[in-house]
Every structure is written in structure tokens, then in C-alpha cells.
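The values are calculated or read from the model by the stated rules, or taken from the named source; none is laboratory data. Just so it is clear, the model here is predicted, and its values are computed rather than measured. Because the Cβ atoms are built from the backbone with ideal geometry, glycine has one as well, and the counts that use them run over all protein chains shown. Protein only, heavy atoms only, side chains kept; ligands, DNA and RNA dropped before computing areas. Shrake-Rupley method; radii C 1.70, N 1.55, O 1.52, S 1.80 Å.
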Amino acid sequence: MSNRMWGGRFAEGPDAIMEEINASIDFDRKLYKQDIDGSKAHVRMLAEKDIVTRDDADKIVQGLDTILSEIESGKFKFSRALEDIHMNIEARLAELIGPAAGRLHTARSRNDQVATDFRLWVRDTLDTLDDQLGELMQALAEKAETHAADVMPGFTHLQSAQPVTFGHHMLAYVEMFGRDRGRVRDARKRMNECPLGAAALAGTSFPIDRHMTAKALGFDRPSANSLDAVSDRDFVIEALATASLTAMHLSRLAEEIVIWCSAQFGFVKLSDKFSTGSSIMPQKKNPDAAELVRAKSGRIYGSLQALLVMMKGLPLAYSKDMQEDKEQAFDGLASVSLALAAMTGMIRDLEPVTKALKKAAGSGYSTATDLADWLVRVLGLPFRDAHHVTGRIVAIAVEKGIELHKVSLEEMQAVEPKITNEIFQVLSVDKSVRSRTSYGGTSPVNVRKQARRWLKELAKA
């Protein structure tokens, strides 16, 4: 039996293997709501332009509402023989209202139909990611405000560098995820053009109103070129590129949580809600949620790479290759959404171990830069000379196995005679962070100000 949707040209039905490779209903059923919304906007426009009767349009809309209810209640029977969500819905519509259902596809192709459905779905997903990023940023900013003055080590090369505050560290991720949120909004704005009415590739001879359908579906405008409208998948690639950057930032934060939770660091504690145990080692408490967030990044990158490779050699306009875009998009964007939710929960849940953080902040000669700055500021030494003097004093501390502030004044004066007892005032980690008052610095005053600014901005967003 030939396919009743497109089988007029074909005397035989598809081979079983052809049906298997061709069918997309197993995954594109996710687009059911967008497909129904697009069809309702399309048929209302057709009626407005007297291309179909209002009576037929009303029947079609009522039938589509029935189908929506059936799908959402789990009563709808999907058929792989009908290939995709579009043909499944249209076939059921014909069962419900008869011949009038055949008028729905006037001035429309599955090419512009799927392009519209997919844009609607990606747009909805970007809106969800926007909200999730806002929730994560709020959790980080709240944690930053609470711990604005709690000192911790700052690292370069994963070696102790200079003291910072836990709040300042949290705000670094607020900045990263803020950029991600900006990219989500940019991508949404750029993709918000409606392909519906481009038909197969060349537009249509029917006197349709594409601006009407675009407005009805919340698009800013109809797409300006029918060839581009049906062949463009930039919008989903850009969404996955944005998701990939977000996943990279999530993975960096997850990596730090994994390190911080280890017995060797002991910087933070996660509750049982985001941890798991071991089947053999009863003492273990593993930060598995963070590890899984870290792992999701590779999966998301893979989705992006798959779409880029799929699209790179396709001529205009539509090719069946493009059916492969949806599984990757569904998986990649669902993965980043889940990772965002998990990370938000972890950030709200974790508590810094302030004693361990402060102890570590003073290790590794982390206030050496403060010593060098004092030599420049108070004694007037050129910075390179101050750097050399400080290095020699650090060498004394290393040789004796003591912290920098425990090097005696006499030992320091043997390196630089002008050093006074005042030097010890800058060698504490608390005074070090308080001194970093430059814009964007780690001073608790700065951190509180920035945290409150972000919380105020997030409340408006």
C-alpha cells in the first residue's frame, strides 16, 4: 500500500528498512504542541484570506484541539507507518472531521511546517534555559553575599596564589553564567523569524498573509527568503553552541566542587541530597551530581558537533539529512537543562568550611604579593626590585619550613634593611583581601556591592 499522504506518485509502499530509516515519529512526537499551534495559526490565516471557508477552518481548529487533548491525556495512537508527527496529526484529523482536514495543508509544505515547529520548540527551550540560568545566578549571588568576607585561597595553576573570598569566587561564576544568559537571549532574538508560508522552497501562489501567521505565533517577522527559511538550521546550532559554552562553565564549577569535597581539601560540604555512597566502602560520600554535570558537557558538545557535520555539505534547500537534527537537539538541550537544575540545587545546598578555607588561604606564601606591594608603596622600591626582595624572603621561609608571616623581622632586614615591623600588618590574609579594593577586586566591600547589584538585576529580569 502506498502512503496516503504522498503516495500518488508511488505504486508500492516502502520497504521495511526504508520505513525504519525514514520514520521520525519516535522522537519528533515531542513537537506535537508546536505542530498544532502552527496548524491553527495557518488555517485561521487561510480562512481570513478566503482560501478556505470559515466553516472548514473552525472544524479543523476544533479537531486539532481534540488531538491536543488526546496526546496530552495519553490516548493518542502514534503510527510509525505515518512517518512523523505532522502526518500522524493530519491522519487523525481526517478521522475526526473528514474531507475538510485535507484543506489544512493548502499553501504549506512539510518543509516549512517542520522548520516552524522546530523553531517554536527551540524558542520555548531557550526561554526555559534563560529562567534556569537566572535561578543559578541568583543562588550563586546569594551565596556570595552571605560569604563575602570568608577568606579562601585563590589559585593559578592550581597552586596557591593570593587570598580571595568565597563570595568573590562565587561571583566569578555569576559573571560567566550572565554571559551565557546573554547568549541565550541573543540567540532567541536572532531565530525569531517565521518560516511558515515558505512552502517547499519557493513560496506559494496562494494569496497568504505571512505576517499574520508570524504574529499569531509570536515571531517578530516572517523569514525573508523561502529557500533559506526551509533549509536554515542555524537557530538550533546556535542554541547548541550556547548550551556548549554553558556546559563548559558548569563543568568548571563541577570540577571545583569535586575537588573541594575531597578529604584532601575539605573546603565545602554537600548534603546527602547531592551525594551517593559506595557499594563496598562504607565511609565514602561521593559528589556524583557534580561529576555527572561535568560529564554532560561532552555529550552536549557531541550534539553540536553532529549538527555541524550534518549541515556542512548540504546544498539548498531541504534534504532529508536534516531530519537528524532533532534527536541531537532534544538530547543536547535536555542535558544542559538537567545540568543547570542539578548545579542550582548543589549551590543552594553546599556550605563552605570556613576554617579550612582560611587555613588554606594562608598557605603557600599567598601574601607574598602583599609584601612586594608594601615594599613599593612604603619604601618606594621599583616593583622588580621589590619582587626580588620578596622572593629572597620567601626562600628563607621555604628553607625553614615556616609560613611567610613567621619569618622574623631581623631575617627580613638582612635582605632589605629598610623593612620595619609594619610589614607584618600586610601579611595576614584578612588584611590582604580587605586591601583589594580596585573595581572587580576581592575586597568584602566590593563583593557585597557586586552581589547586591546582581541580585537587584536578577529580580528585574
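A few comments on the model shown:
- Value of D in µm² per second that Stokes-Einstein yields for region 104-228, Kirkwood Rh from Cα pairs, at 37 °C (0.692 mPa s): 186 µm²/s
- Positive-pole candidate from Ile67, Ser366, Leu270, dipole of the chain, charges at beta carbon: Ser366
- Kirkwood Rh and Cα Rg combined as Rg over Rh, evaluated for region 14-101: 1.02
- Furthest towards positive pole of dipole, Ile208, Pro222, Ser244, structure part region 108-358, Cβ charges: Ser244
- Residues Glu256, Glu399, sorted by accessible area with the largest first, give Glu399, Glu256 [1.4 Å probe; ligands and nucleic acids excluded].
- Per residue of the chain, the DSSP helices (runs of n ≥ 4 H) give a summed -39500 (n - 2.57) that works out to -20500 deg cm²/dmol at 222 nm.
- Shape annotation for region 199-303: C-alpha extents along the principal axes are 73, 25, 24 Å, from largest to smallest.
- Across region 108-358, the relative contact order, built from alpha-carbon pairs under 8 Å that are at least six residues apart, equals 24 percent.
- Most to least accessible of Ile280, Ile396, Ile419 (protein chains only, probe 1.4 Å): Ile280, Ile396, Ile419
- Using a probe of 1.4 Å, the accessible surface attributed to Arg448 totals some 90 Å² when neighbouring protein chains are kept in position.
- Accessible surface of Lys449 - all protein chains present, 1.4 Å probe, nearest 10 Å²: 150 Å²
- Computed with a 1.4 Å probe on the full set of protein chains, the accessible area for Ile36 sits at about 0 Å².
- Charge tally in the Cβ shell below 14 Å around Val398, where Lys, Arg are +1 and Asp, Glu are -1, Val398 excluded: 0
- Taken over region 363-457, the convex hull of the Cα atoms encloses 98 Å³ per residue.
- Given charges at beta-carbon only (K, R positive; D, E negative), |dipole| of the chain in Debye: 1240 debye
- By the rule of a C-alpha distance below 16 Å, with chain neighbours fewer than 8 residues away ignored, the aspartates and glutamates paired with Lys77 are Asp26, Asp28, Asp65, Glu90, Glu95.
- Enclosed volume per residue, in Å³, of the convex hull spanned by Cα atoms of the chain: 203 Å³
- For region 252-328, lysine pairs separated by 8 or more sequence positions, or belonging to different chains, with Cα-Cα distances below 19 Å total 7.
- Residue order for Tyr365, Tyr301, Tyr173 - accessible surface, 1.4 angstrom probe, largest first: Tyr301, Tyr365, Tyr173
- Relative contact order (%) - the chain, alpha-carbon pairs under 8 angstrom, separation at least six: 17 percent
- Rounded to 10°, Cα long-axis angle of helix 234-261 versus longest principal axis of the chain: 30 degrees
- Considering only Ala149, Phe235, Gly313, and ranking their Cα positions along the charge dipole of region 108-358 that arises from unit charges at the beta-carbon of Lys, Arg, Asp and Glu, the one farthest toward the positive end is Ala149.
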